[in-house]
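Here is the structure we will look at.
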There are 2 protein chains.
Amino acid sequence: MAIPKPSIPKGTRDFSPVEMVRRNYIFDTIKTAFSKYGYLPLETPAMENLDTLLGKYGDEGDRLLFKILNSGDFMKGAEPTTNTNALSLKICEKGLRYDLTVPFARYVVQHQNDIIFPFKRYQIQPVWRADRPQKGRYREFYQCDADVIGSNSLLNEIELIRIMDEVFSQLGIRITIKINNRKILAGISEYIGEAGRITDITVAIDKLDKMGEEKVFTELREKGIPMEAISKIKPLLKISGKAEEQFEVLTKTLAGISTGLRGVEEMHKIFSGLKNISTLNPVEFDVSLARGLNYYTGAIFEVKATDVEIGSICGGGRYDNLTGIFGLPGISGVGISFGADRIYDVMNQLKLFPADVSAASQVMIANFGEKEALFCLSLQAKLLEAGIRAELYPDTVKLGKQIGYAVSRNIPFIALIGENEIKEEKITLKRLSDGNQQSFARQDLIEYLKNQ
Amino acid sequence: MAIPKPSIPKGTRDFSPVEMVRRNYIFDTIKTAFSKYGYLPLETPAMENLDTLLGKYGDEGDRLLFKILNSGDFMKGAEPTTNTNALSLKICEKGLRYDLTVPFARYVVQHQNDIIFPFKRYQIQPVWRADRPQKGRYREFYQCDADVIGSNSLLNEIELIRIMDEVFSQLGIRITIKINNRKILAGISEYIGEAGRITDITVAIDKLDKMGEEKVFTELREKGIPMEAISKIKPLLKISGKAEEQFEVLTKTLAGISTGLRGVEEMHKIFSGLKNISTLNPVEFDVSLARGLNYYTGAIFEVKATDVEIGSICGGGRYDNLTGIFGLPGISGVGISFGADRIYDVMNQLKLFPADVSAASQVMIANFGEKEALFCLSLQAKLLEAGIRAELYPDTVKLGKQIGYAVSRNIPFIALIGENEIKEEKITLKRLSDGNQQSFARQDLIEYLKNQ
């Protein structure tokens, strides 16, 4: 009977050893930066109660939650019905994590009595979304978040900018960090006489980069923003020059609009603070940066790669009331999130993964038979003790096959120990890149491999 | 309106920073050992197709799978019914991973053309089981598995024994590694004239340790094993002495029973091989070790902690046909799995976590005001450059509160830089353990902290 080849759910992925090693290189770089600045690791369960998740991501988000069927007799007490939505809430109590932000807010509220604020945490875990799978969009993907919660200080914004700058410098990706402030966008909405329309306005402005000015203005008109208001926005979206010069223009334009001025003041302080440290990548103020997320209330961050057209590879911002949804109001937080999948793609495309990002053994000891293998066990032990990653090929098969294995795993050397070598207490070392062979006494072999 | 405090699904856990750091210490120790011996990392998706999972863990396992409700109009085409089981298969196509072994087998079969065998992989990921939650049993928990697939060599068994020995030595947990062989158990079943009853026999024998001889024999009688057969088992379960002596007894007893003799021969080879290396913990042959898992066909491993009564903290064995269920027969594999939760409990109980297992900053720079903080930003940058984990307290609040934060996070030093310190270019360093204060020039401070 032919069994069909097994497969995995669409939108999910297996990560092969080669991919894993590269992904871990990215994760480790991010973790190291987070830790360095005092962020501590946190993990929350993959499953959350549905009432923790529902209503936090809009209708679209609710629809994209993966729900988990209750165990046991889940239909007990439920009316047999084909009304999908009503039924799903009766037969499912739990859902898979949709992002790391809501579980983090839930954690903070649940453990508020044990937490000393400010609470700086990082979290690197997968999230799940029932999105339509397409190139570069997956149903399971990792988020890498760092947040400080319980501190209003703009020093946190400065720190997060440094972390973004450092991570991408470490990875070798050239970037621009763009910053704006939600309060400035609110101020602009007020200035054009459409204070209540900030969401529509920011959603449209957010597309400036991708779609160009004309389409943004068309969208604004379609949303019912009057022509007069739109013409007042136009010059603001075009301001350019140094950040400080832009702040001057905005301060004049937004005169008397307190929220807007506070936004400009915050940006000014962040840029002043940045002068006390040095970033390796440019940090730019961009008044058209909006990001769709409605919960931002202060700074907004976005990172673009310089050398690849791929959208933002990191982003974040300040939110003043994230824990309010769980009954703990008045706690301000700010955070960033690295897009590991896009970062992986950028690094792959630009060939930025260092050649030594590999978990391969440094040497493989070939297997010439049972007796030889037993002798080789103690050689392997000596090599490992000396800190050399050495593996012994387990089966006594043709040397060609054993070499094929070593080549496929990028193992650079093979140690050959046959009957003669055992007798003469010599080891032949074959370099796979050029086939060169050399004979060593055991201690000399260790010294040689240590220096490779 | 009072909002009820949020919670998480029963049987799941949040891992606080303190717990995370300790868990990572365990995971990193295990990963390091796996890598050292040439095992490569692999990850598979949390969700698998239900037909990959169903029927692989017995009826009980099928019942304990978490099923994921199909997205969209899941009831379309399904009859409204209250027949739970039939309905669940119509409205759910996917389930959460129940262990790492079946997804690994699925991976190997799916990617068989890209894999050069033997394939040595490790995998550290959570699994989910809808078990009734109780002390020490969770619905989400991590498994840490290493397997070699596509090699019959007993060198793999020897290597896995070394890995178990090394990991627990590193962690400081004293253990005994127990080994048996499924073929010996099959041979014994044949010897007592009950060849077809190996499952019942091994399930009962497996309980010898916990329940004692009498209860095991009662269970065997209840399962319908004749008294005569049971009395033939009795002396075999009592054999003791050195492994080699036990092998002699078994060789005589199982004379003519080829499967059994092959099992003894395999054990003999493994114990001979172990003489070529040195293990730090005792490795014992235990003919009563059975482990419930039916797919084992050769060696069986189990690790017990010496100083804590907690059941097995690591186990594994050889299986000859794991990928057969997915249509790829004839591939032998052997693997082990570390029980991270139990290992954590053992280490906690025996206070084995090293004091320096902490992600805390080495120094916190206190915040005395906006101007001082800007100055401190560059000090922090210098400390970080020198490899010292330094964080700047973000808010200008009372020093007592800032110290409370440092204490709660086990940060050993606070750097105090007020107006005077800036003027005099001196930094006051306060050691929190005893309140001792000392004044430093910047470079001296860096040197001092480097040596702490």
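The values are calculated or read from the model by the stated rules, or taken from the named source; none is laboratory data. Every value quoted in this text rests on a predicted model; they were computed, and no experiment measured them. No Cβ is skipped: glycine too gets one built from the backbone with ideal geometry, and neighbour counts run over all protein chains shown. These accessible areas exclude ligands, DNA and RNA; they are computed on the full protein's heavy atoms, side chains included. Shrake-Rupley method; radii C 1.70, N 1.55, O 1.52, S 1.80 Å.
Loop-located GluC sites (Glu not before Pro) across the range B:263-348 with a Cβ neighbour count of 12 or fewer within 10 Å are B:Glu309, with loop assigned by DSSP. In order along the range B:46-54, phi translates into HN-Hα couplings of 4, 9, 10, 4, 4, 6, 6, 8, 5 Hz, rounded to whole numbers, per the Karplus curve 6.51 cos²θ - 1.76 cosθ + 1.60 with θ = phi - 60° and x for Gly and Pro. Assuming charge only on the beta carbon of Lys and Arg (+1) and of Asp and Glu (-1), the dipole of the protein assembly as shown about its Cα centre is about 440 debye to the nearest 20. Peptide packing: for A:423-432, A:365-374, B:178-187, the average count of neighbouring Cβ atoms within 10 Å per residue gives the ranking B:178-187, A:365-374, A:423-432, highest mean first. With labels modelled as points extended 7 Å from the Cα through the Cβ direction, what inter-label distance (nm, one decimal) is found for B:Ser258 paired with B:Gln452? The two pseudo-label positions are separated by 7.1 nm.
A cut-off of 5 Å between modelled amide H atoms, ignoring neighbours fewer than 5 places along the same chain, links B:Ile175 with B:Thr306. Rounded to the nearest 0.05, what FRET efficiency do B:Lys275 and A:Lys135 give with R0 = 51 Å and r taken as the Cβ-Cβ distance? Could you check? For B:Lys275 and A:Lys135, the calculated efficiency is 0.35. Ligands, DNA and RNA left out, the 1.4 Å accessible surface of chain A is 48% carbon and sulfur atoms.
With a Förster radius of 41 Å applied to the beta-carbon distance between B:Thr251 and A:Asp28, the computed FRET efficiency rounds to 0.20. Peptide B:105-114 is shielded by partner chain Cβ atoms: per residue, an average of 3 of them sit within 10 Å of its Cβ. Between helix B:213-222 and chain B, what is the angle of the helix's C-alpha long axis to the longest principal axis, kept within 0 to 90° and rounded to the nearest 10? Approximately 50 degrees, to the nearest 10.
Scaled against the 2.2 N^0.38 Å expected of a compact globular protein of N residues, the Cα radius of gyration of the protein assembly as shown reads 1.07.
Shielding of peptide A:433-444 by partners, expressed as the average count of other chain Cβ atoms within 10 Å per residue Cβ, is 0. Note on the range B:321-393: dipole from Cβ charges, positive end direction compared against B:Val357, B:Phe338, B:Tyr393; the farthest Cα belongs to B:Phe338.
Mean projected area of the Cα convex hull of the range B:17-350, taken over all directions, amounts to 19.8 nm². Rounded to the nearest whole Hz, the Karplus-based 3J(HN,Hα) values (6.51 cos²θ - 1.76 cosθ + 1.60, θ = phi - 60°) of the range B:7-13 follow the sequence 9, 10, x, 4, x, 10, 9, with x at glycine and proline.
Checking buried surface per residue: for the range B:258-280, which residues lose a minimum of 10 Å² accessible area in the protein assembly relative to the chain alone (1.4 Å probe)? Residues of the range B:258-280 that lose at least 10 Å² of accessible area once the other chains are added: B:Lys269, B:Gly273, B:Asn276, B:Ile277.
Across the range B:17-24, computed HN-Hα scalar couplings (Karplus, 6.51 cos²θ - 1.76 cosθ + 1.60, θ = phi - 60°) run x, 4, 5, 4, 4, 6, 5, 4 Hz from first to last residue, x flagging Gly and Pro. According to the square roots a ≥ b ≥ c of the eigenvalues of the Cα gyration tensor, what is the shape class of the range B:1-128, taking rounded for a/c under 1.5, prolate for a/b larger than b/c otherwise, and oblate for the remainder? Here the range B:1-128 falls in the oblate category. Between the Cα long axis of helix B:340-349 and the first principal axis of chain B there is an angle of about 60°, rounded to the nearest 10.
For the range A:51-89 and the range B:242-284, what is the separation of their C-alpha centers, rounded to whole Å? Rounded to whole Å, the Cα centres lie 56 Å apart. Taken residue by residue and averaged, Cβ atoms of other chains lying within 10 Å of the Cβ of B:8-19 number 6. May I ask you to derive the FRET efficiency for B:Glu424 and A:Gln170 from their Cβ-Cβ distance with R0 = 35 Å, giving the value to the nearest 0.05? Taking R0 as 35 Å, the efficiency between B:Glu424 and A:Gln170 is 0.45. Pick out, from B:Ile411, B:Pro6, B:Val216, the residue whose Cα sits farthest towards the positive end of the charge dipole of chain B, with +1 on the Cβ of Lys and Arg and -1 on the Cβ of Asp and Glu. Positive-end residue among those listed: B:Pro6.
Using only the C-alpha atoms, the convex hull of the range B:254-339 corresponds to 134 Å³ per residue.
Taking a ≥ b ≥ c as the square roots of the Cα gyration tensor eigenvalues, the range B:87-157 comes out oblate, since a/c reaches at least 1.5 and a/b does not exceed b/c. Applying both filters, DSSP loop and at most 13 other Cβ atoms within 10 Å, to the trypsin sites (Lys or Arg not before Pro) of the range A:228-303 gives A:Lys238, A:Lys242, A:Lys275. What separates the Cα centres of the range A:409-452 and the range A:321-367 is a distance of 37 Å.
Across the range B:275-430, the fraction of Cα-Cα pairs farther apart than 26 Å, rounded to a whole number, is 57%. Placing +1 on the Cβ of every Lys and Arg and -1 on the Cβ of every Asp and Glu, with nothing else charged, gives the range A:217-300 a dipole about its Cα centre of roughly 80 debye.
Per residue, how much accessible area does the protein assembly as shown show when a 1.4 Å probe rolls over the protein heavy atoms, in square angstrom?
Counting only protein heavy atoms, the per-residue value for the protein assembly as shown is 42 Å².
Near A:Phe66, the amide H atoms lying under 5 Å from its own belong to A:Leu96, A:Ala130; only residues 5 or more places off or on other chains count, and H is placed 1.01 Å from N.
Going by the alpha-carbon gyration tensor, a ≥ b ≥ c the square roots of its eigenvalues, is the range A:363-451 rounded (a/c under 1.5) or, if a/c is not under 1.5, prolate (a/b greater than b/c) versus oblate?
rounded
Dipole check for chain A: with +1 at the C-beta of Lys and Arg, -1 at the C-beta of Asp and Glu, and the Cα centre as origin, the magnitude is about 460 Debye. Extending 7 Å from Cα along the Cβ direction at B:Lys207 and again at A:Thr199 yields two label points whose distance is 6.0 nm. What angle, in degrees between 0 and 90 and rounded to the nearest 10, separates the Cα long axis of helix B:399-408 from the longest principal axis of the Cα atoms of chain B? Compared with the principal axis, the helix lies near 20 degrees. Burial here means at least 40 square angstrom less accessible surface with every protein chain in place than with the chain by itself, probed at 1.4 Å; in the range A:72-86 the buried residues are A:Phe74, A:Met75, A:Pro80, A:Thr82, A:Thr84. Between A and B, roughly 8700 Å² of accessible area is buried in total, ligands, DNA and RNA not counted and the probe set to 1.4 Å.
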